[in-house]
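One structure coming up, written as structure tokens, with questions to follow.
The values are calculated or read from the model by the stated rules, or taken from the named source; none is laboratory data. Predicted model, so just to flag it, every value in this text is computed and none were measured. Every residue, glycine among them, receives a Cβ derived from its backbone with ideal geometry; neighbour counts consider all protein chains shown. Side chains are part of the model used for accessible areas, which takes the heavy atoms of the whole protein and leaves out ligands, DNA and RNA. Shrake-Rupley method; radii C 1.70, N 1.55, O 1.52, S 1.80 Å.
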Amino acid sequence: MNAANAARANVAALRERFEDEVRESVALVGMAIRDWDKGEAPVNATAEDRHEQEKRHRAIERLKIKIEESGLGNGDEVVREFNQTKERDEFLTRELLDLERSASSLQDIIAELEKTIDERFKDGLKHINVALTGFFQKLFNGGTASLKIEEPKRRSRDEIENEDMEDTVPEEEELYAGLTVSVHLPRKKVHGLEVLSGGERALTSIALIFSMSQVNPPPFLILDETDAALDEANSKRYADMIKELGEKSQLIVITHNRATMAAAGELYGVTMGQDGVSKLLSVKLEEAARVAK
């Protein structure tokens, strides 16, 4: 009889402990725990190892402590926070996928643009070389000149080390290539700019500038004393080229060369009188020629 009473008291204590844990779980996890069907307990629950039960019980207690220490309140708030975090994670996952697709699309666009730029650059270089040869032959009475693309080279260690540390160059940009001018003067075995005289370099530069302007002629072109180093004979050739360029673009030429002035349609000059005030004078050569006749 005493054993039965003791067993009955033990069962009552266990039941009270279970109900306390249920109430505590309701406070922490929320009312959803009341939907748990007590009739769905495993059939072999009575035969389950007591050690495993105690192990799960300690794990549950630790989770309860973590929930209490988090300060999130009751279980409904925990579930709501979980759902919000889950939705945010799903949203960011979708955004990440969109960014990856956008990055892939941009890479394709960049590759297509690089291909188009390369094709147009080579096509423009062909047109420049045609015009460059023509202007060069006019200035030198023969010979040839051309622009060539250099083979890509890797930057030297000294060039990289001398740069500012903030402007570091990525590995893919360490390769560089430029343009080189190849010239062949008539009656001379000359193939590079480094062996040309100062006047010959000036003429080659003029031919190059004029040829580049012919690929896509600008509305107007300003030339500031580009003929300063030319002699009289070359000045006349320069004036003829000025007239040719004037058919496609309006030219503003700053010069002290009479041959160049003679090729202009209108002259503007600045003079200063004794009073120290600058005055602007202009002459239209065609009208001046009619008046002179």
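At 1.4 Å probe size, put Phe136, Phe121 in order of accessible surface, largest to smallest.
Sorted descending by solvent-accessible area, the residues read Phe121, Phe136.
Provide Arg201, Arg187, Arg8 ordered by accessible surface of protein heavy atoms (probe 1.4 Å), highest first.
Arg187, Arg8, Arg201
Considering only protein heavy atoms, with the full assembly of protein chains and a 1.4 angstrom probe, order Arg88, Arg15 by accessible area, largest first.
Arg15, Arg88
Using a 1.4 angstrom probe and counting only protein chains, how large is the accessible area of Ile209 in Å², to 10?
80
Given a 1.4 Å probe, how much area per residue of the stretch 211-293 is accessible, in Å²?
It amounts to 73 Å² per residue over the stretch 211-293.
Give the long-range amide H neighbours of Val253: residues separated by 5 or more places, or on another chain, with amide H under 5 Å away, using H modelled in the peptide plane at 1.01 Å from N.
Close amide H contacts, sequence-distant or interchain: Leu223.
Accessible surface of Ile117 in the full protein assembly, 1.4 angstrom probe, to the nearest 10 Å²?
110
Mind listing the phi-derived Karplus ³J(HN,Hα) values for the stretch 120-137, rounded to whole Hz, using 6.51, -1.76 and 1.60 with θ = phi - 60°, and x for any glycine or proline?
Each residue of the stretch 120-137 in turn: 5, 5, 5, 5, x, 5, 4, 5, 5, 5, 5, 5, 4, 4, x, 5, 5, 5 Hz.
Using 7 Å Cα-to-Cβ label points, what is the Lys279/His57 separation (nm, one decimal)?
For the pair Lys279/His57, the computed spacing is 11.6 nm.
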